[in-house]
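Just so it is clear, none of the values below were taken in a lab; they were calculated from the coordinates. From a predicted model like this one, the values you see are computed outputs, not experimental measurements.
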Amino acid sequence: MIPEPEHYGLFLRYHDVSTTPPVLAAELALAWADIQRHHPELPDLAAPESLIGESSSACGTELSFERLLHEAVHGIAAARDVRDTSRAGRYHNRRFLAIADELGLDHAEEPHASSGFSLVVMRPETQRRYESTIERLQRALKAHVVATAADSARSFRGPAARHGSSGGGVRVKAVCECGRNVRVVPSVLAKAPIMCGACGQPFRIPEVAGVG
């Protein structure tokens, strides 16, 4: 039985952590809302489910609260009309680092040659500030990983899966106006736009990628 939700701001909050992607998306939205409480200029997260399964070597490949804070830095940069990246969104400059500092993130080393100051980490006081939110999101992420693994183990996905495809559709490159790109299944992008945290524009699949 699905528990009755309680209202939390503009989002719904459940008393338990389900294994379904929609509930994980809701937990991501709640975590984002918690960041907004401390940083009101942060824009809303248009499609939290777009972060599930998304991989970006420049912004971090693992979905976590720390990754969410990283994306929030891009969101605030976009709200301030600050160009915080270059080289098609890969290189994170000192303007990115300055906003990251405001959100409680540090970069202890010299900038990376290709990604700049992208590898930021939470300070101890930042972890304490968001402790309950971090724990809740970690539970949701763990449940999602377990459910996904169990589904893969018991599901027959046909020849595409046997030959290394995702089985849920072929991922293609979608780009935004500032040049950043993500790989996404077209049917997923068709359900709702995925917004770029750097320029605020939706990712689109180039015409040549959509042919055939």
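Annotations
- Extension gain for His38 to Val146 (0.36 nm times residue separation, less C-alpha to C-alpha distance): 35.7 nm.
- Taken over the range 90-132, the percentage of Cα pairs per 10 Å bin, counting from 0 up to the bin with the maximum distance, is 31, 48, 19, 2.
- For the range 63-76, Karplus couplings with θ = phi - 60° (6.51, -1.76, 1.60), whole Hz, Gly/Pro x: 6, 7, 5, 4, 5, 5, 4, 4, 5, 5, 4, 4, x, 5
- Note on the range 104-137 and the range 174-206: Cα centroid distance 25 Å, given to the nearest whole angstrom.
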